[in-house]
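See below for the structure under consideration.
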Amino acid sequence: MKQSLQLRTSQHLALTPQLQQSIRLLQLSTLELHQELEQLLTDNPLLERLDDPLDRSVRLLGDGAINTTQAPGEAPPEGGPPQDAPAAPEPEPYEGGEGEGLDPGAGDTDWSSAGSGKGPDDDDGRPQLEASHRSLREHLMEQMRVTVLEPRDRALVELIIDALDDNGYLEESLEDIHARMPEELEIEFDELRTALKLLQSFDPAGIGARNASECLALQIRRMPGVPLVTRRMALCIVEKHLQWFAQRDFNKLKKALDCDDEDLREAQAVIRQCNPHPGAAFAADVSDYVVPDVVVRKGRNGWIVTLNNDVMPRLRVNALYASLLKQGKGETQMNAQLQEAKWLIKNMRQRFDTILRVAQAIVERQKNFFSHGAVAMRPLVLREIADTLGLHESTISRVTTQKYMLTPHGMFELKYFFGSHVATEAGGEASSTAIRALIVQFTGAEDPKNPLSDSKIADMLGEQGMVIARRTVAKYREALKIPPVSLRKSL
């Protein structure tokens, strides 16, 4: 077969680097966006940031009150650099090439909020460092140093402390601990048991327990101001009938304890004061903080949606490098970095513009939610917003993921306003979010002695025109972490 060269024309879809960057920036959360931006600022010398993200950080005042240097949408305070600092030269606009009109000093590159006006030496604008965390082990070891004197006893107590889990429970049995001890130490089992009793006398109460029953019993024995009869009844419940108590089977409890409702109610109140996880308070859990991307407030003519200026970085092209490139003194690599800086500024502006458009479309369709709460939420799907704005559903999905809206009713992810629908008797549709809100409202107002069953809740929703099955009510109730009717019953 003879070989030959042929030319063919074909079409195919390709994502340009600029479009890839735009899609990536759109799907990032606020925290991820600033992390990405810091990396880009490090890699590209032609890109610079005018604002300092720490200037608007939450800071702890001397009196212990929490305050911010600038609220969302608030005008920046007056101020400027220190008097001793030299005045910064006015940068010259960059002209020429694709994307003319990008002013490296101001103009449309400086498209986000103004700075806070604090000087570089103003330490009040920086967040205070968090106090050092003390673990459960350190807390127990500190008590051991002042209560246990003998080195042998200290070693045994420390051995048991190291065997505790995060909740303060001793998961390993004393027999197993004693079995793995070296024989040459000649440690008796009673010594290990005495060390455990000593540990269980430490603070917090209930530490060193081997199960929930023992943990509650240790706390009840150390609880002050409890009448003797009530204390004995509470101990009997947690040591012998804890399963009945957890299942709220009060009839069996009253029969086993030979008591009336009032006595059982007093014992129940004592048990509820206990903490089943005494060591959890010392866990070093890191709180996740959410910053809103858009803010919704009530205006004269309706609801107003604005971008949160505190999360919008101020970017521009470096004036010095831009001047060198304008004079033709730059390198080829700098020209590529200049184009990348322009793309980033444009894509960053497009990201926030798209978030604002989507948020405005959501608020327009969910006006009843902002006026009356979650019970007035209407069904909404991504396609409806996509068709309205002329965007693809995947774009709307990226915009509404990990983007948050601050409303008079609280902070919500944009995806919260989308939900499936349930048919109504009138032929309309009801949002699943509204149904869940009604379930919370019904269970919150129910009689604790006679709580509502899933069938009763379904009937109550049917009275309001919402056709919903009992199993659907159970699914929504479990999603809301509302216990079943048997666990919501009280004396």
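The values are calculated or read from the model by the stated rules, or taken from the named source; none is laboratory data. Here the structure is a predicted model, which means the values were calculated and not measured. Neighbour counts run over all protein chains shown; Cβ positions are idealised from the backbone, glycine included. Just so you know, the surface numbers come from the protein's heavy atoms only, side chains and all, with ligands and any DNA or RNA stripped out. Shrake-Rupley method; radii C 1.70, N 1.55, O 1.52, S 1.80 Å.
Per residue, what volume in Å³ does the Cα convex hull of segment 136-273 take up? Walk me through the numbers before you get to the answer.
Details: hull volume 17.2 nm³, N = 138.
Taking only Cα atoms, segment 136-273 has a hull volume of 124 Å³ per residue.
Over segment 136-273, what is the mean sequence separation of C-alpha contacts under 8 Å (at least six apart), divided by residue count, expressed as relative contact order in percent?
It comes to 17 percent, rounded to a whole number.
I want the local charge near Gln273. Using Cβ-Cβ distances under 15 Å, sum +1 for each Lys or Arg and -1 for each Asp or Glu among the other residues.
Around Gln273, the charge tally is +4.
Magnitude of the Cβ-charge dipole of segment 136-273, K/R +1 and D/E -1, about the Cα centre, nearest 20 debye?
Details: 19 positive and 28 negative charges, 172 e Å.
Value, rounded to 20: 820 debye.
If you roll a 1.4 Å probe over segment 136-273 with all protein chains in place, what percent of the accessible area is carbon or sulfur?
C and S atoms contribute 49 percent here.
Just name one of Asn301, Ala322, Ile345: the one whose Cα is farthest towards the positive end of the charge dipole of segment 292-379 (beta-carbon charges, Lys/Arg +1, Asp/Glu -1).
Asn301
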